[in-house]
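Take a look at the structure set out below.
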């Protein structure tokens with residue numbers, strides 16, 4: 001129901017910007033988000049940023065899963 | 001699409017190279033032209049003319065835009081036919097070239113296409129020996145359509161019997177052509193540096209054929225992509241195919257666009273790729289030869305022939321699960337779910 | 001690709017799958033993944049092979065192709081047949097059969113039907129073609145609705161007169177409640193839609209755990225996300241205290257995206273809505289508010305929408321509710337095939353019927 005992927009904001013003018021995923025760039029609409037800066041990752045759905053990706057949370061999730069795996073081995 | 005009244009119409013999906021294209025050919029064309037050569041549905045017909053094995057094929061090209069990074073309709077028209085001859089083990093020799101041009105089409109572009117077509121013929125080592133030109137009223141065509149037919153001499157007997165354990169090879173990354181076209185069309189606002197892989201494969205294939213006598217089958221996965229070609233190989237046969245997702249070469253940009261639009265790279269068209277089935281014991285030898293060729297540097301062994309499930313293409317996913325890869329129905333569309 | 005590939009780690013998946021096997025103590029568990037994109041990821045990555053036999057994962061009503069009723073598609077088709085009109089839609093809806101046609105077939109018949117990646121592309125078509133009335137088929141759930149709301153607001157501010165939306169948006173929580181109330185299938189836990197939750201947050205799902213005692217896990221879409229969420233569901237079942245657990249913290253905030261929710265509330269208002277297979281669910285849809293009525297296709301196109309006809313033998317509704325399997329349907333694999341779908345579950349590439357058709361042995 002909602003194909004959306006993390007993309008890196010590389011340009012920004014007002015509520016419009018350009019995001020990049022896997023070397024592909026596309027214009028994105030950022031009006032649904034506040035204080036997005038260049039270098040941030042946003043969740044991109046149908047041309048709109050619908051949330052800022054919390055990179056700290058992403059790293060923590062990965063650490064949790066890796067510890068979980070080490071704990072099991 | 002069948003309407004209740006039984007009457008039917010052509011849809012875009014009939015031209016996608018997938019299921020509807022196959023049904024169209026099987027249920028509406030092969031039935032009319034009943035003959036064993038056609039019903040083999042090979043990339044080229046192989047004809048026996050008093051001892052000489054002649055390969056013969058035809059291909060039409062309707063592409064938008066006409067010019068795109070890495071190629072144009074002229075280059076595509078030559079290499080498409082050259083590759084269809086090469087994959088049946090023939091040395092491409094002569095091609096025909098027929099234009100259907102729309103009234104008002106820009107002359108400069110026509111010259112540019114013709115120059116590119118001539119240059120591609122020289123590169124592929126074939127000669128344009130016959131042709132035709134028709135002009136249709138303005139608004140009745142879409143710029144220009146090109147048909148090319150080609151003949152060559154077969155020096156190798158293909159296909160040979162495919163056996164369980166035979167390996168499946170591909171000469172590089174998949175999806176480059178279709179993604180380059182989608183990007184060049186500019187309708188989806190995508191900006192990426194990617195060229196079509198449009199290239200003549202006859203030279204690479206000749207090296208492969210001189211390296212091993214165990215080349216069982218070859219096909220260039222154009223419309224409908226790798227998935228369609230693999231499904232064509234196993235259709236109504238007593239064996240199946242398994243491929244390993246981790247070994248299938250896909251460029252980062254193609255993965256990026258596929259994630260963005262919800263596409264599967266296995267269904268994207270290619271114009272410079274060949275799928276080769278080779279006897280297990282010759283696989284690494286053939287792989288090495290391919291990897292030293294400029295059009296095979298990214299070659300990989302991506303899977304093998306298996307006993308069951310018959311008539312199916314299975315995929316081992318990167319995380320260790322498996323799924324069935326079916327024949328596509330139409331072309332992929334950007335989606336949200 | 002950053003923040004995607006890392007969540008495809010095979011070793012982590014194997015460990016999670018092993019843990020799910022150990023912790024699920026052999027009890028037969030059915031988890032419903034509400035979101036069609038979860039269905040696609042589970043199918044594409046072969047996640048079912050990693051799960052133990054006793055765990056079943058069921059597709060829920062979270063796919064616009066599956067739940068949009070015929071009437072909406074017939075309405076879009078009727079508008080597409082008018083002169084000087086362009087109908088734009090996400091690719092998902094092109095092949096969905098209406099009562100007698102589809103947008104794809106209308107395109108084949110010469111209608112101006114265009115696929116767009118973003119609703120902004122539809123607005124652009126309207127700007128570039130002032131003489132055409134441009135309709136956007138407004139499908140999608142809480143994730144997509146804010147984008148369509150913004151297209152209406154922007155057009156209003158810019159005084160664009162030839163852009164219209166056919167509102168067919170639906171809301172997830174009421175649909176989950178309807179499934180629980182119907183009680184037709186025993187559901188031991190819900191894999192909640194990650195990107196809907198990016199917008200609405202965690203609170204709107206509270207009733208599932210509190211009133212119905214069913215465990216919930218908001219899940220991301222990569223394999224490790226889905227396996228981790230399933231593990232958490234198993235642990236909730238074992239612990240006996242159901243909750244709404246956010247396993248997709250990198251994207252889902254507790255309160256969701258307030259800016260997006262406010263914009264949707266400004267443009268749309270909640271209304272009853274018909275879902276294919278689930279019937280009319282109260283307060284489960286959105287209609288355009290009166291003050292933006294000039295953008296509402298329902299009151300700006302004089303069209304005769306054909307009488308809704310669904311093939312009586314089509315069991316897509318029951319399949320959607322997890323009550324029937326595609327194999328129970330008389331049309332399956334003969335009249336209804338991927339190239340000639342009779343119902344939506346065969347259209348969607350990973351729809352339940354399309355997936356069954358791929359795996360069916362006797363389909364030759």
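Let me check against my output: what whole-number percent is the relative contact order of the stretch A:5-71, with C-alpha pairs under 8 Å and at least 6 apart? All intermediate terms of the calculation are to be shown ahead of the outcome.
Working: 108 pairs, mean separation 17.7, N = 67.
For the stretch A:5-71, the relative contact order is 26 percent.
Note on chain C: with a GNM built from Cα contacts shorter than 10 Å, the maximum mean-square fluctuation among C:209, C:168, C:122 falls on C:209.
How big is the Rg/Rh ratio for the stretch C:316-358, C-alpha atoms only, Rh by Kirkwood, two decimals? Could you put the intermediate results ahead of the total?
Numbers: Rg = 8.8 Å, Rh = 9.8 Å.
Here the Rg-to-Rh quotient is 0.90.
The eigenvalues of the Cα gyration tensor, multiplied by 5 and square-rooted, give the stretch B:167-324 an equivalent ellipsoid with semi-axes of 26, 20, 13 Å from largest to smallest. With both residues required to sit in the protein assembly as shown, DSSP beta bridges show an antiparallel share near 65%.
Please state, as a whole number in µm²/s, the translational diffusion coefficient that the Stokes-Einstein equation yields for the stretch C:1-127 at 25 °C and 0.890 mPa s, with Rh defined as the Kirkwood radius across alpha carbon pairs.
Details: Rh = 17.9 Å.
In µm²/s, the coefficient is 137.
Average projection, convex hull of the Cα set of the stretch B:249-337: 7.8 square nanometres.
Modelled this way, with points 7 Å down the Cα-to-C-beta line, the labels at residue B:62 and residue C:22 are 6.0 nm from one another. Measuring nothing but alpha carbons in the protein assembly as shown and taking Rh as the Kirkwood radius, the Rg to Rh ratio lands at 0.97.
Tell me what chain B gives for mean residue ellipticity at 222 nm when only DSSP H runs of n ≥ 4 count, each as -39,500 (n - 2.57), the sum divided by the residue total, rounded to 500 deg cm²/dmol. Numbers along the way, then the final one.
Details: 9 runs with 91 residues, N = 337.
That calculation yields -8000 deg cm²/dmol at 222 nm.
A straight line joining the Cα centroids of the stretch B:1-62 and the stretch C:201-220 runs 54 Å. The mean count of C-beta atoms from other chains within 10 Å of the C-beta of residues in C:101-110, rounded to a whole number, is 2. When both the stretch A:45-70 and the stretch B:205-258 are represented by their alpha-carbon centers, they are found 35 Å apart.
Enter the mean number of other protein chain beta carbons within 10 Å of the beta carbon of each residue in A:52-64, as an integer.
Numbers: counts 4, 5, 5, 3, 2, 6, 8, 3, 2, 10, 7, 0, 1.
Per residue, the average neighbour count from other chains is 4.
Sorted fewest first by neighbouring Cβ atoms within 10 angstrom, C:131, B:244, B:238 come out as C:131, B:238, B:244. Give the calculated FRET efficiency between residue C:325 and residue B:236 to the nearest 0.05, with a Förster radius of 25 Å applied to their Cβ-Cβ distance. Calculated transfer efficiency: 0.40. Counting only DSSP H runs of at least 4 residues, each contributing -39500 (n - 2.57), and dividing by the residue count of chain C, the helix-based mean residue ellipticity at 222 nm comes to -10500 deg cm²/dmol. Working from label points 7 Å from Cα in the Cα-to-Cβ sense, the residue B:140 to residue C:302 distance is 3.8 nm. Across the stretch B:142-257, C-alpha contacts under 8 Å between residues 6 or more apart give a mean separation that, scaled by the residue count, equals a relative contact order of 36 percent.
From least to most packed, judged by other beta carbons within 10 angstrom and beginning with the fewest, B:64, B:216 follow the order B:64, B:216. Each 10 Å bin, from zero up to the one with the longest distance, holds this percent of the alpha carbon pairs of the stretch B:12-108: 12, 34, 37, 14, 2.
Sorted from fewest to most neighbouring beta carbons within 10 Å, what does the list C:348, C:182 look like?
Working: C:348 25, C:182 12.
In order of increasing Cβ crowding within 10 Å: C:182, C:348.
Express the relative contact order of the stretch C:1-313 as a whole percentage, based on alpha carbon pairs under 8 Å and six or more residues apart in sequence. Kindly include the intermediate steps, with their values, before the conclusion.
Working: 574 pairs, mean separation 68.4, N = 313.
Result for the stretch C:1-313 is 22 percent.
The stretch between residue B:9 and residue B:49 holds 10.5 nm of extra length on full extension. This uses 0.36 nm per residue minus the Cα-Cα distance.
The fraction of Cα-Cα pairs per 5 angstrom bin, counted from 0 for the stretch A:5-71, comes to 4, 18, 27, 18, 11, 9, 7, 4, 1, 0 percent, rounded to whole percents.
Given the C-alpha atoms of chain C, compute the convex hull and give its volume per residue in Å³. All intermediate terms of the calculation are to be shown ahead of the outcome.
Details: hull volume 52.8 nm³, N = 364.
Hull volume over Cα atoms, normalised by residue count, gives 145 Å³.
Structure remark: mean-square fluctuation, Gaussian network model of chain B, C-alpha springs under 10 Å; the largest value among B:247, B:57, B:228 belongs to B:247. Residues of the stretch C:237-260 falling in the label zone of residue A:68, defined by backbone nitrogen less than 19 Å from a point 7 Å along Cα to beta-carbon, are C:237-253.
Read-outs throughout are calculated quantities, based only on the coordinates presented, and are distinct from any laboratory measurement. Keep in mind the model is a prediction, meaning the values are calculated, not measured. Quick reminder, even Gly has a Cβ in these numbers, built from the backbone with ideal geometry, and neighbours come from all protein chains shown.
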